[in-house]
Structures are given as structure tokens and as C-alpha cells.
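**Q** Quick one: the structure is below, and I'll ask about it shortly.
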Amino acid sequence: MRTIDTLEAPPSMALASALEASALAKGHDGVVSVGIDVVSVPKLDRLVSDGGPAFLERGWTPGECADADGDPERLATRWAAKEAVMKCLGLGISDLDPQDIEITSSESGAPSVALRNSAAKQAGSLGISKFHISASHESGWATAIAVASAKTGQMDSEAPHQRKDRS
């Protein structure tokens, strides 16, 4: 069995390639990038307690706050999803307003993403047309993975998972 450190490509790139091959074989959108994040629920709960309503208003939209209903696990899961989407966009918290990424839930509880302002602009510049999100929380941890896809043939050749270090 091979270990991660012996892979020729970074794990996120290997996952993106596998997902893209699967999607293209089925005639679906092509994968542009993949992002993942993990959040400590107790740590986030302390930040919310210390920061109060102003902290919530800076990090989550009114809709997200309503959906979470003050539950630290639900807030942490939405934060992990926001961070996963930021990674797909090749941006960090210092690059955009967290309000520009909204994690919503359908009646069944399935998460989805709505982008605004700088996040929407970045997605458009990368050719991203859709996000696929999976999120969960358990035992004090929240996690989320985001897969950004574009219509086949419309992917930006400089997608975040394909960029070379330019520093």
C-alpha cells in the first residue's frame, strides 16, 4: 500500500483529478478545485462567546445564523464549509468578506453555496459554475469538503489546484 507522502501529486490534486475523470466520463461538469477544512467546535464556541453578536455578524449571514439557531456545531460546520469554498477559490479570509460566501440548507438538510461580491467575481474568473458541498460534525469537530466545478471546456487553466508556487 502506498502512503500519501509517496504520491506524485498533492492529495487534493489527486482527488480533483479522480473526481474530474469521473465527472467527465459521465458527461458532467469538470472539476476546477477541491477544498477541505476542519474546525474545533469548542474553540469556535469560545470565540462566539467572547465576540458576541458582533462576531456572529462579521462571520455569518443572517440566514446562516437563523439556520444554526445558536448551535455551535452548526455554526462551526458552516464555517468549515466557507473555508473549504475559500480554498477552492484560491482565497483566504484576508482576501474576502466571509459574508460573501453563504452556506444554505435545503429542507432535507443538504448544504449549498451562494456567492456574492468578491467571491462571485473570483468564481467567475476561474470558470466555476457550481459547488458541491459535504459537511458534518461530531465529537467536537466540524468538517466540510467543497468541490468546485465548471462546464466542461470552460475551466480556467490557472485553477487553484493547478497553480505553481509563485513566491
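The values are calculated or read from the model by the stated rules, or taken from the named source; none is laboratory data. Since this is a predicted model, take the numbers as computed values, not measurements. Please note: Cβ atoms are built from the backbone with ideal geometry, for glycine as well, and neighbour counts cover all protein chains shown. These accessible areas exclude ligands, DNA and RNA; they are computed on the full protein's heavy atoms, side chains included. Shrake-Rupley method; radii C 1.70, N 1.55, O 1.52, S 1.80 Å.
**Q** Which residue is most open to solvent (accessible area, probe 1.4 Å), if the candidates are limited to the stretch 140-157 and must be at pLDDT 95 or above, out of contact with any Gly (no Cβ under 9 Å at 6 or more places or on another chain) and of a type in the set (Gly, Ala, Ser)?
**A** Once the filter is applied, the top-ranked residue is 140.
**Q** Another question, then. Kindly provide the set of residues from the stretch 98-119 that are over 18 Å from residue 137 (Cβ atoms), over 13 Å from the mean Cα position of the chain (by Cα) and surrounded by 14 or more Cβ atoms within 10 Å (Cβ to Cβ), ordered by number.
**A** 99, 116, 118
**Q** Restricting to the stretch 98-141, name every residue that is closer than 14 Å to residue 64 by Cα and assigned to a helix (DSSP H, G or I).
**A** 98, 99, 100
**Q** Which ones in the stretch 58-76 are in contact (Cβ under 8 Å) with a residue 40 or more places away in the chain, over 22 Å from residue 117 (Cα atoms) and surrounded by fewer than 24 Cβ atoms within 10 Å (Cβ to Cβ)?
**A** 73, 74
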